[in-house]
Amino acid sequence: MRALLVFLLLWAGVCWAETVCPTQALHITTQTGQTYTFQAEVACTPEMRAQGYQFRAHIPERTGMLFPSDEPKQFVMWMKNTLLPLDMLFINQQGVITAIEHGQPQSEALIYGPADTCAVLEVNADTAAKLGITPGDRIAEKVFCLDKTP
């Protein structure tokens, strides 16, 4: 019985380790030349993409969650079970922020991004306004959409 319990705990640990996604430093450069660095958790599994920031009571400053896509698409987000307000930065294949939307806690209203979105970066609410991040600003890293150019 003891061996079975040890096996199950080890197996659960292996399964948990498989769902841990990397963090990625992202550098946002504004059109005025300011550069800001964010540490982003990459939502790399369907479970992480579904969970997002749900049930989190605190998100440290200059951190975020990145939802990448293999191809440009229209992301549809919502804030169900999300306890904190968020800014959602929609990013295209060239790394340009094309839209910034604001999510309200616990809202089930759907938030639509542009059709050519390759990633969404969620950060604390009002971060974009405080730092002067606007549509047209750029993310330096290529962490979204597969480059299909020859």
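The values are calculated or read from the model by the stated rules, or taken from the named source; none is laboratory data. These numbers were taken from a predicted model, which means no experiment stands behind them. Neighbour counts are summed over all protein chains in view; Cβ atoms, including those assigned to glycine, are modelled from backbone coordinates with ideal geometry.
When you go through PHE55, PHE67 one by one, which is the residue that is assigned to a strand (DSSP E or B) and among the aromatic types (Phe, Trp, Tyr)?
The conditions single out PHE67.
Pairs only if they're at least six apart or on different chains, beta carbon under 8 angstrom, first in the range 76-104 and under 16 Å from ARG138 (Cα atoms), second among the hydroxyl-bearing types (Ser, Thr, Tyr) and surrounded by fewer than 20 Cβ atoms within 10 Å (Cβ to Cβ); list them, first residue then second.
So the pair list comes out as PHE90/THR98; ILE91/THR98; ASN92/THR98; ILE97/THR134; ILE100/THR134.
Being among the aromatic types (Phe, Trp, Tyr) and at pLDDT 95 or above is the filter here; which residues of the range 76-96 pass it?
Matches in the range 76-96: PHE90 only.
Scan the range 94-108 and give yes if some residue there is within 19 Å of VAL42 (Cα to Cα) and in a loop (DSSP other than H, G, I, E, B), otherwise no.
yes
Cβ contacts < 8 Å: first residue in contact (Cβ under 8 Å) with a residue 12 or more places away in the chain, restricted to the range 21-34; second residue among the basic types (Lys, Arg) and surrounded by 15 or more Cβ atoms within 10 Å (Cβ to Cβ), any location; separation 6+ or different chain. Result?
From residues that are in contact (Cβ under 8 Å) with a residue 12 or more places away in the chain, the pairs are ILE28/ARG138; THR29/ARG138.
Filter the range 31-48 down to the residues that are exposed (fewer than 15 other Cβ atoms within 10 Å of the Cβ), within 14 Å of the chain's Cα centre (by Cα) and outside any strand (DSSP E or B) and list them by number.
Answer for the range 31-48, where residues must be exposed (fewer than 15 other Cβ atoms within 10 Å of the Cβ), within 14 Å of the chain's Cα centre (by Cα) and outside any strand (DSSP E or B): THR45, PRO46, GLU47.
Residues in the range 141-149: is at least one assigned to a strand (DSSP E or B) and surrounded by 15 or more Cβ atoms within 10 Å (Cβ to Cβ)?
no
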